[in-house]
Amino acid sequence: MKRCIVLGKPNVGKTLLVLALADHMKAKDVEITFQDPGGVRYSRKYPIDIAIRELVGTLPHQTKCLQSLVLEFRAGKGKKKVELVDTTGLIDAIHDDPLTRKAMAQTLSAVGGAQIMIHVIDAHLMGSVDKSSDPEDADLDMQLAAFAGPRGGYCIVANKMDLPGAKRGLARIRRLFTGYKVLPVSAATKEGLKEVRRHVLLNL
Ligand SMILES: Nc1nc2c(ncn2[C@@H]2O[C@H](COP(=O)(O)OP(=O)(O)OP(=O)(O)O)[C@@H](O)[C@H]2O)c(=O)[nH]1
Ligand SMILES: [Mg+2]
């Protein structure tokens, strides 16, 4: 089974994107496997709305381990399963909390085992930052694109397109990440999820 990893900075909407995609693909319940950085694994089944309530949060680093679920894609006449992996948000600095540091290292090492990569960037935030700070501000995202992009199966999701300033943010993302596939999405309103699904399907 192929692996699709969802990564990016904290609070950009990775967890909501994964659950919204499962919902878009008509999954009623999701079975999420949690794999903590120490190697402990356990699974839990949720109705999607409960998973959103429990796993999506407004504070950064809500997700502190790999959280995966399996989705079935129609490919030609058959079906193919994909493991969709939600990850801990990455930051540019050494985090104070050792567990969060371990979880970030776990995110990066999981990239190696993935054939498909979805890099989520908050378009609303990108649209509200002073233009003069372009390169520094997008530094971690640029490093991530340089790290994950050449492996193939990579795309950028410009998320939170429903929020003010996001169109400006999308233009800025397209300018900074020239040459990469950029998909405008709102995980909240489900706009653009069809294109995300198509990206996964194209790489199966
Ligand atoms: N308006 C809007 N809010 C969104 C969207 N996607 C996510 N959010 C909100 O952004 C916040 C963070 O969402 P999460 O899905 O938890 O973000 P994350 O990237 O998984 O965050 P960490 O796990 O902390 O790294 C929550 O309050 C979500 O409801 C979107 O498309 N539009
Ligand atoms: Mg999360």
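The values are calculated or read from the model by the stated rules, or taken from the named source; none is laboratory data. Keep in mind that what you see is a predicted model, and the values were worked out from it rather than measured. Reconstructed Cβ throughout: ideal geometry from the backbone, glycine too, with neighbour counts over all protein chains shown.
General remarks:
- Test: residue in segment 30-42 that is of a type in the set (Phe, Trp, Tyr), in a strand (DSSP E or B) and at pLDDT below 95: no
- Residue count for segment 1-37, restricted to those that are among the hydrophobic types (A, V, I, L, M, F, W, C), farther than 18 Å from MET117 by Cα and within 15 Å of ligand 1 (Cβ to nearest atom): 3
- Check on ASP23, surrounded by fewer than 20 Cβ atoms within 10 Å (Cβ to Cβ), under 24 Å from ARG198 (Cα atoms) and more than 13 Å from ligand 2 (Cβ to nearest atom): yes
- Tallying residues that are touching a residue at least 24 places away in the same chain (Cβ under 8 Å), assigned to a strand (DSSP E or B) and not hydrophobic (A, V, I, L, M, F, W, C) within segment 75-122 yields 6.
- Of all residues in segment 43-60 being in a loop (DSSP other than H, G, I, E, B) and touching a helix residue (DSSP H, G or I) at 6+ places or on another chain (Cβ under 9 Å), the one that is surrounded by the most Cβ atoms within 10 Å (Cβ to Cβ): VAL56
- Contacts under 6 angstrom Cβ, first residue in segment 137-159 being in a helix (DSSP H, G or I), partner exposed (fewer than 15 other Cβ atoms within 10 Å of the Cβ) and modelled with pLDDT under 90, 6 or more apart: LEU140/ASP92
- Cβ pairs under 7 Å, 6+ apart, first in segment 1-29 and closer than 17 Å to PRO184 by Cα, second acidic (Asp, Glu) and within 9 Å of ligand 2 (Cβ to nearest atom): VAL6/ASP86; LYS14/ASP86; THR15/ASP86; VAL18/ASP86
- Any chance THR63 is in a loop (DSSP other than H, G, I, E, B), within 13 Å of ligand 1 (Cβ to nearest atom) and in contact with an Asp or Glu (Cβ under 9 Å, 6 or more places away or on another chain): yes
- Counted residues, segment 161-194 - those being more than 16 Å from ligand 2 (Cβ to nearest atom) and either in a helix (DSSP H, G or I) or of a type in the set (A, V, I, L, M, F, W, C) (or both): 18
- Restricting attention to segment 146-181, the residues that are buried (at least 17 other Cβ atoms within 10 Å of the Cβ), closer than 19 Å to LEU17 by Cβ and not aliphatic (A, V, I, L, M) add up to 8.
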